[in-house]
Amino acid sequence: MIPRLAVLAAVLALAPLAADAQSYRCVGKDGKKYYGSTIPTPCIGQPIEQLNAQGTVIRRIDPQASAAEREAKQAEEKKKREEATAAKEAARRNRALLATYSSEKDIEDARARALADNQKAVKEIEARIDLIRKRREGYEKEVEFYKGKSKPPAKLNEDIQNAEMQLKAQEGLLAAKKKEVDTVNAKYDEDKKRYIELTRRK
């Protein structure tokens, strides 16, 4: 009697486990069906069906959808990291701004100094351009001297070419320096805007 009761108790104890048992099923790349209490190795990368203890499909696993979900998750995580980095950099720039300026007047004074430096550089470049042009005019007069007499020296032609290259380089630098005024003003406009936002936020 006792052994029969023990067997019955064991069966009853295992019944919930059997009811909860699940398995996986798929068709492998070789066309064969595979089953297992865990996902069989041949099922990796294939559509998989999850079955309950009665053999009913309770879930379908699409590997392509899973891959897309992973990619979406990775993209979202990357976006969050980039946003965190951008926020950290913005905070650093804000601290640097407040450490650099103590008032809006400080910003305008810094703008004035930057524009003055730019104007000084422009005048220096313009002076160099004038000197190069005068030097080139001297070379051209020498060329006129040789017309109808003999061929100008090779060194003279070389000097003219060098003067042309130097003039072109300085004119390019002058144009860049003049454009720099807009960049300087844009920088200090942005600094002033951020300074006002930060100081009024306190």
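Would you confirm, using the coordinates I've provided, whether Ala84 is in the same structural domain as Glu180 (by TED's automatic domain parsing) and loosely packed, with under 11 Cβ neighbours inside 10 Å?
Numbers: in the same structural domain as Glu180 (by TED's automatic domain parsing): no; loosely packed, with under 11 Cβ neighbours inside 10 Å: yes.
Answer is no for this residue.
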Review point. Which pairs have Cβ atoms under 9 Å, sit 6 or more apart or on different chains, and link a residue in region 97-124 that is in contact (Cβ under 8 Å) with a residue 12 or more places away in the chain to one that is surrounded by fewer than 13 Cβ atoms within 10 Å (Cβ to Cβ)?
Key: Glu104/Ile196; Ile107/Thr100; Ala110/Thr100; Arg111/Asp189
Exercise for review: Given the conditions (1) closer than 30 Å to Lys193 by Cα; (2) among the aliphatic types (A, V, I, L, M); (3) surrounded by 14 or more Cβ atoms within 10 Å (Cβ to Cβ), report the number of the one that Ile125 does not fulfil.
Suggested key: (1)
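Any chance region 177-197 includes a residue that's over 30 Å from Ala99 (Cβ atoms), out of contact with any Ser or Thr (no Cβ under 9 Å at 6 or more places or on another chain) and not in a helix (DSSP H, G or I)? Before you say what the answer is, go through the steps one by one.
Of all residues in region 177-197, those over 30 Å from Ala99 (Cβ atoms) come to 178.
Filter once more, so that each one left must be out of contact with any Ser or Thr (no Cβ under 9 Å at 6 or more places or on another chain): 178.
Keeping just the survivors that are not in a helix (DSSP H, G or I) gives none.
No, every residue in region 177-197 fails to be over 30 Å from Ala99 (Cβ atoms), out of contact with any Ser or Thr (no Cβ under 9 Å at 6 or more places or on another chain) and not in a helix (DSSP H, G or I).
When only residues in region 146-186 that are charged (D, E, K, R) and touching a residue at least 40 places away in the same chain (Cβ under 8 Å) count, which is farthest from Ala121 (Cα to Cα)?
Going through region 146-186, the residues charged (D, E, K, R) turn out to be 147, 149, 151, 155, 158-159, 164, 168, 171, 177-180, 182.
Remaining after also requiring touching a residue at least 40 places away in the same chain (Cβ under 8 Å): 171, 177-178, 180.
Details: Glu171: 13, Lys177: 8, Lys178: 10, Glu180: 11 Å.
Result: Glu171.
Does Gly172 count as more than 30 Å from Asp106 (Cα to Cα), within 33 Å of the chain's Cα centre (by Cα) and in the same structural domain as Glu108 (by TED's automatic domain parsing)? Before the answer, list the steps.
Values: more than 30 Å from Asp106 (Cα to Cα): yes; within 33 Å of the chain's Cα centre (by Cα): yes; in the same structural domain as Glu108 (by TED's automatic domain parsing): yes.
Here the answer is yes, as Gly172 does meet what is asked.
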Revision key, fill the gap. Scanning region 177-197 residue by residue, those aliphatic (A, V, I, L, M) and exposed (fewer than 14 other Cβ atoms within 10 Å of the Cβ) turn out to be Ala186, Ile196
Check your understanding: Mind checking whether some residue in region 107-119 is out of contact with any Phe, Trp or Tyr (no Cβ under 9 Å at 6 or more places or on another chain) and over 30 Å from Leu198 (Cα atoms)?
Key -> yes
Practice item. Quick one: Asp159 ticks every box in (1) modelled with pLDDT under 95; (2) exposed (fewer than 11 other Cβ atoms within 10 Å of the Cβ) except a single one, so which number is it? Key: (2)
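The values are calculated or read from the model by the stated rules, or taken from the named source; none is laboratory data. What you see is a predicted model; the values in this text were computed from it and never measured. Note that we place each Cβ from the backbone using ideal geometry, even for glycine, and neighbour counts take in every protein chain shown.
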